[in-house]
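Below is one structure; the comments refer to it alone.
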Amino acid sequence: MRQTPLARMLAEPTSRPDALTAFKLARTWFTDGRRIDMGKLAGELGVSRATLFRWVGSRDDLLSAVVWSLTDPTLSRAEHEAAQGSGGRRIADVMERFCELVITSEFFGTFLQREPERALRLFTTRAMPFQGQFVARVEQLLLQQIRTGALEPPLATHDLAYLIVRIGESYIYSDLITGEAPDATKVRMAIAALLR
């Protein structure tokens, strides 16, 4: 059997922790509804806080990476589960399903309740790469529909993707912004009106 570095690491009964180990543990904690505490994370990994920070950056860097690692597959799931329409209807349906999945996510809801200001700063501003990644991903969805001729965008594709992301954020975080209950149906209605 060929010995790759991964195979050797997996074969070692006690492989040493690294940045990926830290990321995976933080992601497990996040999806379990636990607060990602850098001191406790370092302690569980058996490394110093300085080593952990060198590996993953700040706590905000780590949170942003963890949430993006959950967001991208959630958007892919929404693409598969949404109605099979095309054009603006397809985009509206995908975004509605995505927002439903986020709104009903127990671990994300726990994080929002525990750290609302941090969530808004990390995921709705350019403080971290998350929003840029999300806008780029939505831009891909739009380009798929534009290439097939099913959608004539009313704005430049990047601007339209940004606006769609902002619509989604408005209704995902509506309880934090306006005190109203999050509502994925309104996401579909607003995007459908924009892309009709």
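Readers should treat all values here as calculations from the given coordinates under stated rules, not as data from a laboratory. Remember, it's a predicted structure, so these values are computed and weren't measured experimentally. Positions of Cβ are backbone-derived with ideal geometry, glycine not excepted, and every protein chain shown enters the neighbour counts.
Here the label points at residue 143 and residue 176, each 7 Å from Cα along the C-beta direction, are separated by 2.9 nm in the simple model.
In deg cm²/dmol, rounded to 500, what helix-only [θ] at 222 nm does the chain give when every DSSP H run of at least 4 residues adds -39500 (n - 2.57) and the total is split over its residues?
Values: 12 runs with 144 residues, N = 196.
Calculated from helices alone, the mean residue ellipticity at 222 nm is -23000 deg cm²/dmol.
Below 8 Å, C-alpha to C-alpha, sequence gap of six or more: please give me the relative contact order for segment 35-193 in percent.
On the way: 149 pairs, mean separation 38.4, N = 159.
That works out to 24 percent.
Fraction of C-alpha pairs exceeding 26 angstrom in the chain: 41 percent, rounded to a whole number. Put a dot 7 Å past the Cα of residue 60, heading toward its Cβ, do the same for residue 31, and the two dots end up 2.7 nm apart.
Relative contact order for segment 91-158: what is it in percent, counting Cα pairs under 8 Å that are at least 6 residues apart? Intermediate results must be reported in sequence, preceding the final value.
Numbers: 24 pairs, mean separation 13.4, N = 68.
Worked out over segment 91-158, it gives 20 percent.
Distance from the C-alpha centroid of segment 53-88 to that of segment 90-114: 11 Å, rounded to the whole angstrom.
Label-to-label distance, residue 49 versus residue 186, with points set 7 angstrom from Cα along the beta-carbon direction: 4.0 nm.
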